[in-house]
Number of protein chains: 2
Amino acid sequence: MERKAVSLRDVAAVAGVSVSTVSKVLRGQGKASDATRKRILAAAERLDFQPNALGQFLAQGRSATIGILAENAPGTFTMPVLTGATTAFGERDLSVLVYDSHLDRTVVAATVRKLKARKVDGLLVIGDGSGSDMHSVSEGFSVPVVYAYGISDDAHDPSFMHDGFLAGRLAGEHLLGLGRTRIAHITAAPSDLSAKARADGLRAALDEAGLPLVLGQPLSGDWTREWGIRAARRLLESGERFDAVFCGNDTIAAAVQDVLRESGRRVPEDVAIVGMDNITGLSGQHDGLLTTIDPNLTELGAVAARYLADAIEGGEYEGGVHTIPCTLIPGESTGALPRSAGSVAA
Amino acid sequence: MERKAVSLRDVAAVAGVSVSTVSKVLRGQGKASDATRKRILAAAERLDFQPNALGQFLAQGRSATIGILAENAPGTFTMPVLTGATTAFGERDLSVLVYDSHLDRTVVAATVRKLKARKVDGLLVIGDGSGSDMHSVSEGFSVPVVYAYGISDDAHDPSFMHDGFLAGRLAGEHLLGLGRTRIAHITAAPSDLSAKARADGLRAALDEAGLPLVLGQPLSGDWTREWGIRAARRLLESGERFDAVFCGNDTIAAAVQDVLRESGRRVPEDVAIVGMDNITGLSGQHDGLLTTIDPNLTELGAVAARYLADAIEGGEYEGGVHTIPCTLIPGESTGALPRSAGSVAA
DNA sequence: CTGTTAGCGCATTCAT
DNA sequence: ATGAATGCGCTAACAG
């Protein structure tokens with residue numbers, strides 16, 4: 001179905017010139033008389049010539065492939081990062097060689113060898129978003145290395161992270177903007193850096209407004225629905241008045257909402273709720289019910305990928321943490337969206 | 001940080017033999033005396049030799065890279081398929097060049113040229129799961145082409161799809177096994193082939209048990225929450241008795257559950273509900289609330305990828321639709337899971 | 001301006 | 001059993 005591929009030599013033969021001339025002209029390099037240039041272009045066109053990338057790569061010592069080292073590729077939040085990066089690389093005609101380290105150090109070592117053998121032009125390390133730092137592997141490579149959805153423990157490495165602080169701040173400002181003044185925060189333990197960032201952001205917004213956090217500090221547990229339920233009850237039992245809750249993730253938010261309604265509070269009339277992660281949006285089926293913060297993970301992956309692609313082409317390559325802005329998605333849980341057909345109480 | 005790469009020639013020099021001998025020995029081909037073999041292996045070891053893949057590829061005319069053509073890469077359901085495929089290829093040391101066609105025909109044409117120039121060893125086309133067939137691009141290639149999450153309109157092509165029929169059947173059998181006998185079905189229009197497959201599967205399970213579908217046929221609309229709400233009301237107003245509802249997706253299931261509870265029905269006591277997609281699981285946070293069917297999309301992508309990888313190595317390569325089994329995830333909405341801490345009504 | 005000559009690193013006949 | 005020679009397809013440095 002596909003005849004023998006046509007090579008530079010074929011084009012040269014037809015155009016009646018040398019191979020190297022064809023190479024130059026086809027790449028717009030050096031000078032060539034208009035006459036021969038036209039002949040060459042015509043010949044290339046007629047033969048439907050396409051340079052064999054393998055030949056180019058060998059000659060140029062590059063591979064046009066990027067190594068990707070994922071700590072946990074099939075992870076829910078890793079997937080969008082990976083997808084974003086992968087397609088962004090594709091747009092630059094860069095292929096990717098993906099290895100899943102399963103968080104295993106020995107696997108990483110073996111993988112690094114393979115990546116070098118493949119002469120990857122760059123490396124993208126994708127973390128699992130947990131606040132803990134990632135072990136830098138950059139010094140093992142002579143090509144640019146970029147970290148995404150995790151922060152390298154070597155400050156010389158460029159790392160890309162979603163902006164948890166901004167998330168907390170956006171949540172806070174949104175609630176304050178709606179006139180809420182007694183805001184509580186239910187989230188995971190602050191030892192989890194991403195929980196801490198969100199809490200700090202919220203606190204910043206409250207400080208600016210001169211308001212305290214209800215209970216003085218976040219209700220800290222873990223990321224589960226179970227914790228969300230327990231924490232919501234604890235909040236109710238505390239007797240403190242509150243008119244809003246910012247939850248560390250959407251799972252907790254859903255749990256809190258269930259408990260509050262069960263207890264007779266109306267959402268959003270009595271209590272407004274903001275979540276984080278936009279998982280229903282991630283599921284492609286945002287239903288407009290829950291106000292939440294989207295960390296824009298696909299974008300995160302894409303931005304990191306483009307940065308790496310640029311670095312490979314000689315662009316700037318600075319260490320430090322680059323932060324990707326997140327977005328507030330309005331929903332009915334803060335009354336930010338008009339009651340729609342999506343609401344059961346029509 | 002990384003000295004000049006060591007080549008076959010370097011090893012040959014150290015071992016005091018010719019390049020071609022080293023090449024053979026290192027790849028276990030042909031015969032060589034034990035003496036020289038040892039010397040060569042020792043030299044390679046000492047120099048930490050790793051063959052430059054680019055050289056191998058050029059010489060062998062292969063690229064160890066797979067082209068991936070996605071109709072809609074960032075799509076919710078495409079992501080797991082892509083991730084599964086990508087990491088499966090990685091396990092075989094195959095890199096992937098991903099292009100997102102955005103469902104645009106002209107983009108596809110341009111892309112095909114690029115893929116050929118890169119001398120891809122195979123092509124994986126990823127659809128968007130909508131029942132409609134995908135336009136085959138296989139005849140443009142001389143390498144194996146496999147279709148995933150979509151079915152090629154050319155029966156000679158191998159396509160991999162989740163098993164919607166099985167999904168409906170599993171849902172039906174699960175409900176029947178729980179003693180439910182009056183089962184309704186709320187889903188999208190049957191013109192959507194994936195909606196039809198699920199409906200057919202459910203019908204098969206009911207037929208086997210000699211039971212009719214409540215209302216005689218599915219309540220058919222679309223995949224949205226709004227439709228779920230309307231359909232649930234319609235079901236209630238019909239006056240028909242029912243003790244279970246199989247919903248075409250989880251969004252509809254959530255909507256139906258809300259409406260039923262609003263109307264005073266208890267879930268699962270009065271009505272059991274089964275969804276489809278396992279989106280909360282996809283979100284990494286399955287909360288055990290909703291019984292649903294997981295289409296195993298990551299696995300789908302991985303299986304298709306391995307099939308393609310095998311085909312490239314000369315394995316069998318048959319056309320036709322290969323089906324990936326789905327899995328029922330028990331939850332509280334059918335009482336299949338003991339009431340846990342996840343339940344609000346503790 | 002254009003052609004010649006060398007590689008890039010490896011695999012693969014074909015001699016020896 | 002081993003080595004010399006050739007080619008994969010392209011780029012690049014140097015001549016003419």
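What are the residues in the range B:230-257 that are touching a residue at least 12 places away in the same chain (Cβ under 8 Å) and farther than 24 Å from B:S194 by Cβ, if any?
Taking the range B:230-257 as the starting set, the residues that turn out to be touching a residue at least 12 places away in the same chain (Cβ under 8 Å) are B:231-236, B:238, B:240-257.
The answer is B:R233, B:L236, B:S238, B:E240, B:R241, B:D243.
Across the range A:286-298, what is the total count of residues that are within 10 Å of chain B (Cβ to nearest Cβ) and crowded, with 20+ Cβ neighbours inside 10 Å? Steps first, please.
Of the residues in the range A:286-298, the ones within 10 Å of chain B (Cβ to nearest Cβ) are A:286-289, A:298.
Those left that are additionally crowded, with 20+ Cβ neighbours inside 10 Å: A:287-289, A:298.
Summing the residues that are within 10 Å of chain B (Cβ to nearest Cβ) and crowded, with 20+ Cβ neighbours inside 10 Å in the range A:286-298 gives 4.
So A:G301 ticks every box in (1) touching a helix residue (DSSP H, G or I) at 6+ places or on another chain (Cβ under 9 Å); (2) more than 23 Å from B:G281 (Cα to Cα); (3) in contact (Cβ under 8 Å) with a residue 40 or more places away in the chain; (4) assigned by TED's automatic domain parsing to the domain that holds A:G131 but one. Which box is left unticked?
Answer for A:G301: the failing condition is (2).
Please verify whether A:S33 is of a type in the set (S, T, N, Q) and modelled with pLDDT of 90 or more, treating the condition exactly as stated.
no
I'm trying to understand the selection: among the residues of the range A:81-106, which are part of a loop (DSSP other than H, G, I, E, B) and within 7 Å of chain B (Cβ to nearest Cβ)?
First, pick out the residues of the range A:81-106 that are part of a loop (DSSP other than H, G, I, E, B): A:92-94, A:101-104.
Answer for the range A:81-106, where residues must be part of a loop (DSSP other than H, G, I, E, B) and within 7 Å of chain B (Cβ to nearest Cβ): just A:D93.
Does A:G315 fit the bill of being outside the structural domain of A:V146 (by TED's automatic domain parsing) and small (G, A, S)? Give the steps one after another, and end with the answer.
Numbers: outside the structural domain of A:V146 (by TED's automatic domain parsing): no; small (G, A, S): yes.
Criteria not met by A:G315.
Condition check: closer than 30 Å to B:A70 by Cβ, surrounded by 19 or more Cβ atoms within 10 Å (Cβ to Cβ), more than 11 Å from DNA strand D (Cβ to nearest atom) and of a type in the set (D, E, K, R). Does A:E91 satisfy that?
On the way: closer than 30 Å to B:A70 by Cβ: yes; surrounded by 19 or more Cβ atoms within 10 Å (Cβ to Cβ): no; more than 11 Å from DNA strand D (Cβ to nearest atom): yes; of a type in the set (D, E, K, R): yes.
No.
Return the residues of the range A:25-49 that are within 10 Å of DNA strand D (Cβ to nearest atom) and loosely packed, with under 11 Cβ neighbours inside 10 Å; say none if nothing qualifies.
A:R27, A:Q29, A:G30
Only one of A:V22, A:V11, A:V96, A:V107 is surrounded by 22 or more Cβ atoms within 10 Å (Cβ to Cβ) and more than 12 Å from DNA strand D (Cβ to nearest atom). Can you tell me which? Before you say what the answer is, go through the steps one by one.
Working: A:V22 fails: more than 12 Å from DNA strand D (Cβ to nearest atom); A:V11 fails: more than 12 Å from DNA strand D (Cβ to nearest atom); A:V107 fails: surrounded by 22 or more Cβ atoms within 10 Å (Cβ to Cβ).
So the residue among A:V22, A:V11, A:V96, A:V107 that is surrounded by 22 or more Cβ atoms within 10 Å (Cβ to Cβ) and more than 12 Å from DNA strand D (Cβ to nearest atom) is A:V96.
Would you check which residues across the range B:17-73 are near DNA strand C (Cβ under 7 Å from one of its atoms), more than 14 Å from chain A (Cβ to nearest Cβ) and either outside any loop (DSSP other than H, G, I, E, B) or of a type in the set (A, V, I, L, M, F, W, C) (or both) and list them?
If the condition is that a residue be near DNA strand C (Cβ under 7 Å from one of its atoms), more than 14 Å from chain A (Cβ to nearest Cβ) and either outside any loop (DSSP other than H, G, I, E, B) or of a type in the set (A, V, I, L, M, F, W, C) (or both), then B:V19, B:S20, B:S23, B:K24 are the ones that fit.
Here's the yes/no breakdown for (1) closer than 27 Å to A:T224 by Cβ; (2) within 13 Å of chain A (Cβ to nearest Cβ); (3) surrounded by 22 or more Cβ atoms within 10 Å (Cβ to Cβ); (4) under 30 Å from the mean Cα position of the chain (by Cα):
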{"site": "B:L219", "(1), (2), (3), (4)": "no, no, yes, yes"}
{"site": "B:E226", "(1), (2), (3), (4)": "no, yes, no, yes"}
{"site": "B:A231", "(1), (2), (3), (4)": "no, yes, yes, yes"}
{"site": "B:L236", "(1), (2), (3), (4)": "no, yes, no, no"}
{"site": "B:A244", "(1), (2), (3), (4)": "no, no, yes, yes"}
{"site": "B:G264", "(1), (2), (3), (4)": "no, yes, no, no"}
{"site": "B:E269", "(1), (2), (3), (4)": "yes, no, no, no"}
{"site": "B:M276", "(1), (2), (3), (4)": "yes, yes, yes, yes"}
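Take B:T76 and tell me if it is in contact with a strand residue (DSSP E or B) (Cβ under 7 Å, 6 or more places away or on another chain) and away from DNA strand C (no atom under 15 Å from the Cβ). Lay out the reasoning, then the answer.
Numbers: in contact with a strand residue (DSSP E or B) (Cβ under 7 Å, 6 or more places away or on another chain): no; away from DNA strand C (no atom under 15 Å from the Cβ): yes.
No: the conditions fail for B:T76.
Given the conditions (1) under 20 Å from B:F77 (Cβ atoms); (2) not in a loop (DSSP other than H, G, I, E, B), and given that B:R169 satisfies all but one, which numbered condition is not satisfied?
Single failed check for B:R169: (1).
On the basis of being touching a Leu at 6+ places or on another chain (Cβ under 7 Å), at the interface with chain A (Cβ under 9 Å from one of its Cβ atoms) and polar (S, T, N, Q), does B:T78 make the cut? Give the steps one after another, and end with the answer.
Values: touching a Leu at 6+ places or on another chain (Cβ under 7 Å): no; at the interface with chain A (Cβ under 9 Å from one of its Cβ atoms): yes; polar (S, T, N, Q): yes.
Spelling it out, it is not the case that B:T78 is touching a Leu at 6+ places or on another chain (Cβ under 7 Å), at the interface with chain A (Cβ under 9 Å from one of its Cβ atoms) and polar (S, T, N, Q).
Please return the ranges of helices (runs of 4 or more DSSP H) entirely within the range A:242-342 where 3 or more residues are modelled with pLDDT of 95 or more. Spell out how you get there, then give the answer.
Numbers: elements: A:250-262, A:279-282, A:297-312.
Fully inside the range A:242-342 and qualifying: A:250-262, A:297-312.
Taking the range B:223-241 as the region of interest, how many residues are under 19 Å from B:I293 (Cα atoms) and at pLDDT 95 or above?
At the first step, the residues of the range B:223-241 found to be under 19 Å from B:I293 (Cα atoms) are B:223-225, B:228.
Then keep just the ones that are at pLDDT 95 or above; that gives B:228.
Summing the residues that are under 19 Å from B:I293 (Cα atoms) and at pLDDT 95 or above in the range B:223-241 gives 1.
May I ask you to list the residues in the range B:201-217 that are surrounded by 18 or more Cβ atoms within 10 Å (Cβ to Cβ) and out of contact with any strand residue (DSSP E or B) (no Cβ under 8 Å at 6 or more places or on another chain)?
If the condition is that a residue be surrounded by 18 or more Cβ atoms within 10 Å (Cβ to Cβ) and out of contact with any strand residue (DSSP E or B) (no Cβ under 8 Å at 6 or more places or on another chain), then B:G201, B:R203, B:A205 are the ones that fit.
Among (1) within 14 Å of chain A (Cβ to nearest Cβ); (2) away from DNA strand C (no atom under 11 Å from the Cβ); (3) loosely packed, with under 15 Cβ neighbours inside 10 Å, which single condition is B:K4 missing?
Looking at each condition in turn, B:K4 falls short on (2).
The values are calculated or read from the model by the stated rules, or taken from the named source; none is laboratory data. Predicted, not measured: the structure shown is a model, and the values here were computed from it. All Cβ positions, glycine included, derive from the backbone under ideal geometry; neighbour counts span all protein chains shown.
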